[in-house]
1. Can you spot a residue in segment 150-170 that is in contact with a strand residue (DSSP E or B) (Cβ under 7 Å, 6 or more places away or on another chain), outside the structural domain of residue 452 (by TED's automatic domain parsing) and not basic (Lys, Arg)?
2. Considering only segment 62-75, state which residues are closer than 14 Å to residue 9 by Cα and either more than 35 Å from the chain's Cα centre (by Cα) or at pLDDT below 90 (or both).
3. In segment 499-513, how many residues are β-branched (Val, Ile, Thr), within 21 Å of residue 568 (Cβ to Cβ) and part of a helix (DSSP H, G or I)?
4. Take residue 139 and tell me if it is over 25 Å from residue 256 (Cα atoms), without any contact (Cβ under 8 Å) to a residue 60 or more places away in the chain, exposed (fewer than 14 other Cβ atoms within 10 Å of the Cβ) and of a type in the set (A, V, I, L, M).
5. Just checking, how many residues over segment 264-284 are modelled with pLDDT under 90 and either farther than 29 Å from residue 154 by Cα or β-branched (Val, Ile, Thr) (or both)?
6. Can you tell me which residue within segment 798-840, out of those that are among the hydrophobic types (A, V, I, L, M, F, W, C) and part of a loop (DSSP other than H, G, I, E, B), is surrounded by the most Cβ atoms within 10 Å (Cβ to Cβ)?
7. What residue, among those in segment 313-357 that are part of a helix (DSSP H, G or I) and at pLDDT below 90, is farthest from residue 476 (Cα to Cα)?
8. Please give the number of the condition residue 789 fails out of (1) touching a helix residue (DSSP H, G or I) at 6+ places or on another chain (Cβ under 7 Å); (2) surrounded by 15 or more Cβ atoms within 10 Å (Cβ to Cβ); (3) outside any loop (DSSP other than H, G, I, E, B).
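The values are calculated or read from the model by the stated rules, or taken from the named source; none is laboratory data. Predicted, not measured: the structure shown is a model, and the values here were computed from it. Counting neighbours? That spans all protein chains shown, and the Cβs are built from the backbone with ideal geometry, glycine included.
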Amino acid sequence: MQIITSHTNADFDALASMLAAKKLYPEAKLVFPGSQEKSMRDFFLESAFYAVDLERLRNINVEDVTMLIIVDNRNPARLGKLGEALGRPGVTVHVYDHHPAANNDVKGEFEKVEEVGATTTLMVELLRQKGVPVTPMEATIYALGIYEETGSLTFVSTTERDALAAAYLIAQGANLNILSDFLSRELTTEQISILNDLLRSAKQYDINGVNVVIAAMATPHYVPDLAVLAHKMRDMESLDALFLVVQMEDKTQIIGRCRIPQVNAGMVLEQMGGGGHPSAASASVKEMTYLQAREQLIDVLKRHIRPGKIARDVMTSPVKTIPAGSTIQQAGAAMTRFSVNVLPVMDVNRVQGFITREVVQKSLFHGLGRQKAEEFMTTGISTCSPDSPMSRVEQIMLEERQRFIPVLDNDGELVGAITRTDLLRSLHEGKLAELPEPGGAGMHAGRNVAGAMVERLPRPVRDVLGVVGEIADEAGFPVYLVGGIVRDLMLRAANLDIDIVVEGDGIVFAGMLVKKLGGRMRAHQKFGTAVVTLPDGLKLDIATARLEFYDSPAALPTVELSSIKKDLYRRDFTINTLAVRLNRSSFGELIDFFGGLRDVKERIIRVLHNLSFVEDPTRVFRALRFEQRFDFRLSKHTQNLVKTAVKMRLFTRLSGARIYAELMLMFSEAEPGSLLKRLSDNDLLKFIHPSARYTSEVELLYDHIDEALTWYRLLYLDITVEIWFVYFLAFLDRLKDPAAEDALERLSAPPRIRRRIRKARAAYRAVLYDFYRDPDMPPSSVYDRLQPLDIETILLMMAKARKDSAKKNISLYLTHLRTVRVSLTGDDLKTLGIPPGPKYKKILSRLKDAKLDGMVETPDDEIAFVRKLAEA
């Protein structure tokens, strides 16, 4: 027997998902595992949908269940009696859900679990994919599920997919009047009375610095639609975290509604046997009074809510300083080098004061560059400790008007600093967290992305990252996942280039990782980095948090140890500045200092500062590469900075090897032709060679290469192609030989590549000429011309070939001629009585040509052919 079910206290999302699942599993029976919300019961009473074939739970023998299809739920505790079927031999489980993952989730042989606002959205998408028709009444039910679960598409968990599913249902005839009737009902007199009692019983609790309101009461009769009252109360009082605890009849119902990242209602109520989303969850407990339930809830909240932020959580560390005795001129140089606006002045290990950029600039204007910085520094400053509450930090900065706060340990030594930017980011982190994720919800600055990591990273990678966090805790190092893997996590794109940054000694940390997991490491002491290769081949790049400064435009950077914030600031674009904490206490917390998540959402490439391209002009090539790869666009300001870099001819200062490396990466992208056009649009080709152009002929050649590569892939041959080399050959194709040599010289191309290109250019021109001159060339001659060439040259020839006869020759070679072999060997010739000697080579060559040309086929044919040659 197949059963479709959901969760106790079922809502419209559960009902709609069950009904949609019935269309995918027509033999299954619909069974609610327990009670339903009053709004849904009213719907059954008032609508024509009472005729739905629902089976009563009491009529189901769990032992007869062979398949359990669970929708809108993975919590076994919410399956009621049907949960007994889990784990039984012969029972298959299919799961469709949208709730965040939990430790005790039901595991199914098939699972469709994705981050959308409603499970009904997933089901509607499946129906559309399979071409299953939807009636107007069904569309109405499905729309009720989506609209109720997403707050009529207004909850932060709502995604674009929910809106598209709703639009599709409206197009299928969903009745909006019915939706309005059941989703916008006024409170009854009884509900108003209960709401009044809840408001009177509400108490505010300060739990680890977070205000949580709990309303607890008992009522002798059942209270319907308690969730509706929770919404009303939260909105009336503008509450960030609200829990209702109501004892009724034989159970106590708990409803949670939260809109701050510090309180995850789903995780909290999961500890009490329930579950749900971070913003909305519920639980039902038996044999417990409302007072007992409230106390247990408070205990759970105390364990769940991390203490409020302290100075240690927001400070920047380590801090760049200058020693006492430094001049104003030296202070200014340090500020420019390290991109800071304030520098503490140190006497040994003690802070004497600090000097600001404004003071330095004015002092320099007045010709005081050789004066000591301490003569103009701010003294008598207030400090705080790492454990100081944020209220103390705010008091110093706002009331004492001190823009920079040194953080001192118990010994009075400087361990960090808090700036106005640090404070503003801390105060507004909650607002930053409300930015929606591209293509979905739930991954924001100040929010935890551990769930997304579970969904999108392979299990071995997640396990290794967990160990990284454990080792970091043991060593006392803050540790972060950074770079492209975090960016692509937000984009839902595959990327297993694991970059780890350690606020500590990265090489020491890498050694600890190898000791724990095995494998090997290769360290680079100069940069404080190491590459760890684990026994299974997985590689991790480990780096010490560092900053870079450039002594001159386009020079290679000088590196110094720094903080994670400075480490991220040295990166090329905001989309690459995202980081994820890996320490166990904050595993999965997203770090976004520079608005990277916003730019990912808006699909923008943006530099971090105005001198970015001056410091490293190769970033222009990377900007265009990312623009094409992700279908992003350069911000207007970034585009203007590209024009400035071109105007200043900064690319002439780059070594050829650096430009060559960027070109190889560009030619390895999915659409090199589009990238080449962008180089041309931005007037960059002239820095490779003055004669380099992107013309209609070049565009056509690149299109033909794309076609040739697609054709080749469909052959499923066993020859790997260096795709970048095909496009690189095409790039040089329009240049005359001297110009091509000049370009290779400018790019400092490796000697091996130069030799290979010279050979390819000469070969494909000569061979194509021969193919054009002799369209009926025998297969053996085709083989002789193509066999010495590499596959990249042959594919470029296929793209360049203008005549069908030439294309047929190339196709024949790749699909047939290249694998033709003769069965006879020199030993066979000796057996046939042919005296050994140089003629063996000539005979076997003639035999090979005959087989290529179809003159011989079988081994007997070969023997006869050889004997005839020997007799001649």
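1. Checking segment 150-170: at least one residue is in contact with a strand residue (DSSP E or B) (Cβ under 7 Å, 6 or more places away or on another chain), outside the structural domain of residue 452 (by TED's automatic domain parsing) and not basic (Lys, Arg).
2. Hit for segment 62-75 is 75, nothing else.
3. 1
4. So residue 139 fails the test.
5. The number of residues fulfilling the criteria is 0.
6. If we take residues in segment 798-840 being among the hydrophobic types (A, V, I, L, M, F, W, C) and part of a loop (DSSP other than H, G, I, E, B), then 801 is surrounded by the most Cβ atoms within 10 Å (Cβ to Cβ).
7. Filtering segment 313-357 for residues that are part of a helix (DSSP H, G or I) and at pLDDT below 90, the one farthest from residue 476 (Cα to Cα) comes out as 336.
8. Tallying (1) touching a helix residue (DSSP H, G or I) at 6+ places or on another chain (Cβ under 7 Å); (2) surrounded by 15 or more Cβ atoms within 10 Å (Cβ to Cβ); (3) outside any loop (DSSP other than H, G, I, E, B), residue 789 fails exactly one: (3).
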